[in-house]
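The values are calculated or read from the model by the stated rules, or taken from the named source; none is laboratory data. Everything quoted here is computed from the prediction, not taken from an experiment. Here Cβ is always computed from backbone atoms with ideal geometry, including for glycine, and neighbour counts include all displayed protein chains. With ligands, DNA and RNA removed, areas are computed over all heavy atoms of the protein, side chains included. Shrake-Rupley method; radii C 1.70, N 1.55, O 1.52, S 1.80 Å.
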Amino acid sequence: SKGSISTPRGTTKVDLSKLEVAALWRYWRHFNLVDSIPNPSKEQLIDVVQRHFMSQQMDELQVIVGFVKAAKRLKTVCK
């Protein structure tokens, strides 16, 4: 996609630098990355979050199925 970078292995690298600092902090706390750096700058946050995000193994089909189910639930709730 336009905002991502293709890596040599054929995977897609997401540009997390476009996120606001508050979102990076939430990710950092949610995944308990606090041991990495005591008080990181935005650039350090981006680096730590990017490395953690890219290290995650995902089953793409499972993610898509989960997204569709969540969208259907939301559609039902909003009616």
Residue match in segment 29-50 (condition: open to solvent by 50 Å² or more (accessible area, probe 1.4 Å), modelled with pLDDT of 85 or more, in a helix (DSSP H, G or I) and among the aromatic types (Phe, Trp, Tyr)): no
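Quick one: which residue in Thr76, Thr7 is modelled with pLDDT under 90, touching a strand residue (DSSP E or B) at 6+ places or on another chain (Cβ under 6 Å) and surrounded by fewer than 11 Cβ atoms within 10 Å (Cβ to Cβ)? If you could, list the steps in order and put the result at the bottom.
Working: Thr76 fails: touching a strand residue (DSSP E or B) at 6+ places or on another chain (Cβ under 6 Å).
None of the other options fit; the residue is Thr7.
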Number of positions in segment 51-65 that are closer than 20 Å to Phe31 by Cα, assigned to a helix (DSSP H, G or I) and not aromatic (Phe, Trp, Tyr): 5
